[in-house]
Amino acid sequence: MPKFKFAKLVRDKIVEHQLASGARPSFRQLNPDEHKRELVNKVIEEAKEITQASPQEVAAEIADVQQALDDLRKLYGLKRQEIAKEQANKSKKNGDFAMGLYVDYVEVDDDNSWIDYYHENADRYPEIQ
């Protein structure tokens, strides 16, 4: 009989649905640290699915991302207002993503105030020639 690998966080009722269908899932409940890590993985997974969704499916995919973010917020003990405040602060300081600006690279002088930050975060901002 076929066996299919999941190795991922699923919505709470999925195991129930699998059992009701006669399937035999192997599952466990994650500890809080594992749960946080897997919710982040779920956000990434679901966000990628948005790019493959049809126009009719986009709302459902965004809902999956939002659900994972909401559950992650709760695990960290944060209130919606705290997130909204941080969002407003970031928006005021750095703007939103509404204009669709995309930076291919940035060239800086050796004495630029950002150069240390870019070097310290070389995994995100690798130096190029």
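The values are calculated or read from the model by the stated rules, or taken from the named source; none is laboratory data. Only a predicted model underlies this, so the values are computations on that prediction, with no experimental measurement involved. Heads up, the Cβs are rebuilt from the backbone with ideal geometry, glycines too, and the neighbour counts pull from every protein chain shown. All accessible areas refer to the heavy atoms of the entire protein, side chains included, with ligands and DNA or RNA removed. Shrake-Rupley method; radii C 1.70, N 1.55, O 1.52, S 1.80 Å.
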- Task: Among the GluC sites (Glu not before Pro) in segment 7-83, which ones are in a DSSP loop with at most 13 other Cβ atoms within 10 Å of the Cβ? Mind listing them?
- Result: 57
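Efficiency by 1/(1 + (r/R0)^6): what FRET value for residue 105 and residue 31, r their Cβ-Cβ distance, R0 = 30 Å, to the nearest 0.05?
Here the calculated transfer efficiency is 0.15.
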- Task: Sequence neighbours fewer than 8 away in the same chain don't count; with that in mind, list the lysines whose C-alpha is under 27 Å from residue 74.
- Result: 8, 13, 36, 42, 48, 85, 90, 92, 93
- Could you give the accessible area per residue of the chain, probe 1.4 Å, as a whole number in Å²? 92 Å²
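Sorted by accessible area with a 1.4 angstrom probe, largest first, how do 1, 99 fall? Present the calculation step by step, with values, prior to reporting the outcome.
On the way: 1 185, 99 160 Å².
Of 1, 99, the descending order of accessible area is 1, 99.
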- Message: Given the chain, report the % of alpha carbon pairs whose separation exceeds 19 Å.
- Response: 70 percent
- Query: Roughly how many whole Å is it from the C-alpha centroid of segment 3-70 to that of segment 109-129?
  - Reply: 36 Å
- About the Cα centre of the chain, how large is the charge dipole given +1 on each Lys and Arg Cβ and -1 on each Asp and Glu Cβ? Please answer in debye to the nearest 20. 1140 debye
- May I ask you to list the chymotrypsin sites (Phe, Trp or Tyr not before Pro) in segment 50-127 that are in a DSSP loop and have at most 13 other Cβ atoms within 10 Å of their Cβ? 76, 97, 102, 105, 114
